[in-house]
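Chemist: Questions regarding the structure given below will be posed in turn.
The values are calculated or read from the model by the stated rules, or taken from the named source; none is laboratory data. Since the structure is predicted, the reported quantities are computational estimates derived from the model, not experimental observations. Please note: Cβ atoms are built from the backbone with ideal geometry, for glycine as well, and neighbour counts cover all protein chains shown. Remember, those area values only see protein heavy atoms, side chains included, never the ligands or the DNA or RNA. Shrake-Rupley method; radii C 1.70, N 1.55, O 1.52, S 1.80 Å.
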Amino acid sequence: RQFTVLVYWREPKKSAVAFGVSLLVLFAVATLSVISVVSYLLLASLCVTITFRVYKSVIQAVQKSDEGHPFKSLLDRDVSVSSESFHQLSEKFLVYLNSFIRQSRRLLLVEDLVDSVKLAGVMWVMTYIGAVFNGITILILADIIFFTTPLVYQKKKVLRACVCVCVCACLKLFTFSH
């Protein structure tokens, strides 16, 4: 539910932050190693939290107040994973893993010739896509499409109708001319 709120930009500030952070991380991974990106993200987080903690301590000292630790509510939260939720997640993962293994076996051992040929065709096309784009570029494009398509789709209803009419007209012209 929170996911759809972000994608459909129901709360623009949260969506903008999620979109910006995801793009920033992807661009960073495109130029730096994953270890460097994780280290820089953790270092930036520590800089922000340490600065905030020192700021609040100075304010408390100047005002002679006793508000306590600024992150007390977050430190008091229980963040442990219960064994029940872990077992539920592992059971769901196991279902997906077994389905993936069965499907892979079916396709790779050619249980159905048509489906295996389709997979071969898709993999052949993917070799050309892989030659043009690397994985990070595809992830960056997917992230941009993921966050912008629903918004454009909702905002441009008239444009969407015009595009559909133009595509249909072009398809009719192409079919009649051949």
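Chemist: Taking only the alpha-carbon atoms of the range 41-101, what semi-axes of the equivalent ellipsoid follow from 5 times the gyration tensor eigenvalues under a square root, in whole Å, largest first? Walk me through the numbers on the way to the answer.
Modeler: Working: eigenvalues 369, 49, 4 Å².
Semi-axis lengths for the range 41-101 are 43, 16, 5 Å.
Chemist: Further, regarding this structure: Provide Ile35, Ile50, Ile129 ordered by accessible surface of protein heavy atoms (probe 1.4 Å), highest first.
Modeler: Descending accessible area places them as Ile35, Ile50, Ile129.
Chemist: Give the range of the longest stretch in the chain that excludes all trypsin sites (Lys or Arg not before Pro) found in loop regions by DSSP and having at most 12 other beta-carbon atoms within 10 Å. Let's see the in-between values first.
Modeler: Values: sites that count: Arg1, Arg10, Lys64, Arg77, Lys156.
Free of exposed loop sites, the longest segment is 78-155.
Chemist: At 7 Å along Cα-to-Cβ for each site, give me the label-to-label distance between Ile50 and Leu74 in nm.
Modeler: The modelled label-to-label distance comes out at 1.5 nm.
Chemist: Let me ask another. For the range 1-141, what is Rg from Cα atoms divided by 2.2 N^0.38 Å, rounded to two decimals?
Modeler: Output field value: 1.64.
Chemist: Toward the positive end of the charge dipole of the range 1-128, about the Cα centre and with charges on Cβ (Lys, Arg +1; Asp, Glu -1), which of Tyr8, Ser82, Leu107 goes farthest?
Modeler: Tyr8
Chemist: Moving to a separate point now. Dipole size in debye (nearest 20) for the chain around its Cα centre, Lys and Arg Cβ +1, Asp and Glu Cβ -1?
Modeler: On the way: 19 positive and 11 negative charges, 142 e Å.
Dipole magnitude for the chain comes out near 680 debye.
Chemist: How much of the pair distance distribution for the range 101-155 lies past 14 Å, counting alpha-carbon pairs only, in percent?
Modeler: On the way: 1015 of 1485 pairs.
Cα-Cα pairs of the range 101-155 separated by over 14 Å account for 68 percent.
Chemist: Probe radius 1.4 Å, ligands and nucleic acids ignored: give me the carbon and sulfur share of the accessible area of the range 21-171 as a rounded percent.
Modeler: Numbers: 9010 of 12500 Å².
Taking all protein chains in place, the range 21-171 shows 72 percent carbon and sulfur surface.
Chemist: Separate question: Lys pairs in the chain, Cα-Cα under 23 Å, at least 8 apart or on separate chains: how many? Before the final figure, lay out the partial values.
Modeler: Values: Lys13/Lys155; Lys13/Lys156; Lys14/Lys155; Lys14/Lys156; Lys56/Lys64; Lys56/Lys72; Lys64/Lys72; Lys157/Lys172.
Value for the chain: 8.
Chemist: Provide the per-residue ³J(HN,Hα) series for the range 131-145, in order, calculated from phi with Karplus coefficients 6.51, -1.76, 1.60 and θ = phi - 60°, each as a whole number of Hz, with x at glycine and proline positions.
Modeler: 3J(HN,Hα) across the range 131-145, in whole Hz: 6, 8, 10, 8, x, 5, 4, 5, 5, 5, 4, 5, 5, 5, 5.
Chemist: Run the quick spin-label model on Gln63 and Gln154: label points 7 Å from Cα toward the beta carbon, then report their separation in nm to one decimal.
Modeler: In this crude label model, Gln63 to Gln154 measures out at 3.8 nm.
Chemist: So what are the ³J(HN,Hα) numbers for the range 22-27, from phi and the Karplus equation (6.51, -1.76, 1.60; θ = phi - 60°), rounded to whole Hz, Gly and Pro as x?
Modeler: Per-residue couplings from phi come out as 5, 5, 4, 5, 5, 5 Hz.
Chemist: Loop-only check: which chymotrypsin sites (Phe, Trp or Tyr not before Pro) in the range 58-167 are DSSP coil with at most 16 other Cβ within 10 angstrom?
Modeler: Working: sites: Phe71, Phe86, Phe93, Tyr96, Phe100, Trp124, Tyr128, Phe133, Phe146, Phe147, Tyr153; in loops: Phe71, Phe133.
Filter output for the range 58-167: Phe71, Phe133.
Chemist: With the Cα gyration tensor of the range 1-75 in hand, give its eigenvalues times 5 under a square root as the equivalent ellipsoid semi-axes, listed largest first in whole angstrom. Mind showing how you got there, number by number?
Modeler: On the way: eigenvalues 199, 81, 18 Å².
Taking √(5λ) for each eigenvalue gives 32, 20, 9 Å, largest first.
Chemist: If I fit a long axis through the Cα atoms of helix 83-108 and take the longest principal axis of the Cα atoms of the chain, what angle between them do I get, 0 to 90°, rounded to 10?
Modeler: Result, in degrees: 20.
Chemist: If the chain between Ile144 and Leu32 were fully stretched, how many nm would it gain, using 0.36 nm times the residue separation less the Cα-Cα distance?
Modeler: Working: separation 112, 0.36 × 112 = 40.32 nm, distance 2.00 nm.
Difference between extended and current length: 38.3 nm.
Chemist: Next up: So who's got an amide H within less than 5 Å of the one on Val110, skipping anything under 5 residues away but keeping other chains? H placed 1.01 Å off N, in plane.
Modeler: none
Chemist: I need the GluC sites (Glu not before Pro) found in the range 1-97, filtered to DSSP loop residues with at most 12 other beta carbons within 10 Å of theirs.
Modeler: Working: sites: Glu67, Glu84, Glu91; in loops: Glu67.
When the GluC sites (Glu not before Pro) of the range 1-97 are filtered for loop state and at most 12 Cβ neighbours within 10 Å, Glu67 remain.
Chemist: Add -39500 (n - 2.57) for each DSSP H run of 4 or more in the chain, then divide by its residues: what number comes out at 222 nm, to the nearest 500 deg cm²/dmol? Before the final figure, lay out the partial values.
Modeler: Values: 8 runs with 149 residues, N = 178.
That calculation yields -28500 deg cm²/dmol at 222 nm.
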